[in-house]
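Just below is one structure, and these are the notes that go with it.
The values are calculated or read from the model by the stated rules, or taken from the named source; none is laboratory data. It should be emphasised that the depicted structure is a prediction, and the values quoted were computed from it without experimental measurement. Virtual Cβ from ideal backbone geometry, glycine too; neighbours counted across all protein chains shown.
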Amino acid sequence: MENALVEKLKTEINKELQDCDPKLWPMTCKMRADDEGYEKIEKMIILYVSKEAMPVGAAIALIEQELQHGKG
């Protein structure tokens with residue numbers, strides 16, 4: 001059951017990041033351009049969604065804010 005939920009979440013994350021708007025999320029879009037960066041963002045989003053009950057979009061916005069402030 002847990003694996004199915006994680007896979008569903010990863011699918012939703014992928015959908016959100018596919019249409020990454022560099023005007024809204026410049027650091028996140030740049031980071032997701034390579035596999036290592038994408039995996040890091042994906043793990044961060046999963047953490048925020050699972051621990052903080054954030055929607056995926058809100059987690060991406062928070063990650064962008066952290067990246068812009070040098071915490072990512």
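When you look at Glu2, is it under 22 Å from His69 (Cβ atoms), free of Cβ contacts under 8 Å to residues at least 40 places away in the same chain and of a type in the set (Asp, Glu), yes or no?
Working: under 22 Å from His69 (Cβ atoms): no; free of Cβ contacts under 8 Å to residues at least 40 places away in the same chain: yes; of a type in the set (Asp, Glu): yes.
No.
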Pairs returned, first residue in the stretch 13-28 that is at pLDDT 90 or above, second residue that is assigned to a loop (DSSP other than H, G, I, E, B), beta-carbon separation under 6 angstrom, 6 or more apart or interchain, are Leu17/Arg32
Considering only residues that are among the basic types (Lys, Arg) and surrounded by 13 or more Cβ atoms within 10 Å (Cβ to Cβ), look in the stretch 17-49 and name the one that is nearest to Gln68 (Cα to Cα). Lys30
Considering the stretch 34-46, residues that are among the hydrophobic types (A, V, I, L, M, F, W, C) and free of Cβ contacts under 8 Å to residues at least 40 places away in the same chain, and then whichever is nearest to Val6 (Cα to Cα), we arrive at Ile45
For the subset of the stretch 47-69 comprising residues that are within 16 Å of Pro22 (Cβ to Cβ) and without any contact (Cβ under 8 Å) to a residue 40 or more places away in the chain, which member is farthest from the chain's Cα centre (by Cα)? Gln65
Filtering the stretch 50-72 down to residues that are loosely packed, with under 13 Cβ neighbours inside 10 Å and of a type in the set (A, V, I, L, M, F, W, C) yields Ala53
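Among the residues of the stretch 1-16 satisfying the criterion of being within 14 Å of Ala59 (Cβ to Cβ) and not hydrophobic (A, V, I, L, M, F, W, C), which is surrounded by the fewest Cβ atoms within 10 Å (Cβ to Cβ)?
Lys15
Can you name every residue in the stretch 28-72 that is among the aliphatic types (A, V, I, L, M) and part of a loop (DSSP other than H, G, I, E, B)?
The initial filter retains those residues of the stretch 28-72 that are among the aliphatic types (A, V, I, L, M), namely 31, 33, 41, 44-47, 49, 53-54, 56, 58-63, 67.
Matches in the stretch 28-72: Ala33, Ala53, Met54.
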